[in-house]
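Novice: There's a structure below that I have some questions on.
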């Protein structure tokens with residue numbers, strides 16, 4: 001894993017991120033579903049809430065950018081259904097850097113995998129300094 005940078009501006013394209021291993025408990029998963037106002041049969045069947053990938057990408061990026069960042073955009077590709085309580089492995093890289101209106105931005109691509117290494121979600125998130 002890379003040494004943490006103090007600022008987003010210090011993070012360069014190609015910086016690898018992770019692995020971060022995390023388990024989303026069934027109770028936490030249900031809170032995600034409910035906070036979004038979603039009552040779906042998939043929740044009752046134990047499926048992980050896919051937008052959790054955004055939070056996992058933020059946690060991953062914070063392993064190298066210690067100072068707070070703003071999460072300004074998110075794209076998510078769901079490859080399959082995951083079950084609450086499964087250990088997930090999150091890895092990624094800084095894919096792009098750019099400046100817009102005087103602010104520095106970093107685009108992070110993160111892969112969230114199930115315990116057997118099978119891809120669950122691919123997350124592409126854009127971050128900027130506050």
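Novice: Relative contact order of region 1-88, please, whole-number percent, based on alpha carbon pairs below 8 angstrom and at least 6 residues apart.
Specialist: In percent, rounded to a whole number, it is 48.
Novice: With angles folded into 0 to 90 degrees, how steeply does helix 52-61 sit against the dominant principal axis of the chain? Use alpha carbons for both and round to 10.
Specialist: 30
Novice: Using the alpha-carbon atoms, what tilt in degrees (0 to 90, nearest 10) does helix 26-35 show relative to the longest principal axis of the chain?
Specialist: 70
Novice: In nm, give the distance between the simple-model label positions of residue 87 and residue 67, each being 7 Å from the Cα along the Cα-to-Cβ direction.
Specialist: 3.5
Novice: OK, next. Per-residue ellipticity at 222 nm for the chain, helices alone: DSSP H runs ≥ 4 residues times -39500 (n - 2.57), over residue total, nearest 500 deg cm²/dmol?
Specialist: About -5000 deg cm²/dmol.
Novice: Take peptides 88-101, 68-81 and line them up by average Cβ neighbours within 10 Å, highest first, as a rough protection proxy.
Specialist: With the highest mean Cβ count within 10 Å placed first, the list reads 88-101, 68-81.
Novice: Between residue 80 and residue 7, what is the FRET efficiency for a Förster distance of 30 Å, r being their Cβ-Cβ separation, to the nearest 0.05?
Specialist: The pair residue 80/residue 7 has a calculated efficiency of 0.25.
Novice: How many angstrom separate the Cα center of region 21-54 from the Cα center of region 98-123?
Specialist: That distance is 20 Å.
Read-outs throughout are calculated quantities, based only on the coordinates presented, and are distinct from any laboratory measurement. Predicted, not measured: the structure shown is a model, and the values here were computed from it. Cβ coordinates were reconstructed from backbone atoms using ideal geometry, including for glycine residues, and neighbour counts include every protein chain displayed.
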